[in-house]
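Here the structure is laid out as structure tokens; the discussion comes afterwards.
Computed from the coordinates by the stated procedures, all read-outs in this text should not be read as laboratory data. What you see is a predicted model, and the numbers here were worked out from it, not measured in a lab. Cβ: placed from backbone, ideal geometry, glycine included. Neighbour counts: every protein chain shown.
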Amino acid sequence: MKILYELSWLWETLGIALLAAAVCMACGALICKAVKKKLSKKLLAVIGAAAFVGAILAVILIAQTPMPL
């Protein structure tokens, strides 16, 4: 049980990153729909991967910032 508690930060980080990737992919699809252009699956995958990596980096940077007292 202790190992699950110690790894809870990992699951939380993955959840945040997946949620950010999904939001970015949905926004990209809506933008392309508004402009009336076809969005390829390859571009959608690139957007999702970039958003996932960006969210992971953002969580790591935020975790390193000390909280004010």
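Applying Stokes-Einstein at 4 °C and 1.567 mPa s to the Kirkwood radius of the chain, computed over alpha-carbon pairs, gives a translational diffusion coefficient of 94 µm² s⁻¹. Relative to the dominant Cα principal axis of the chain, helix 41-64 is inclined by about 30°.
For segment 15-24, the Karplus equation 6.51 cos²θ - 1.76 cosθ + 1.60, evaluated at θ = phi - 60°, returns couplings of x, 5, 5, 5, 5, 5, 5, 5, 5, 5 Hz by residue, with Gly and Pro reported as x. For the pair K38 and I62, label points projected 7 Å from Cα toward Cβ lie 3.8 nm apart.
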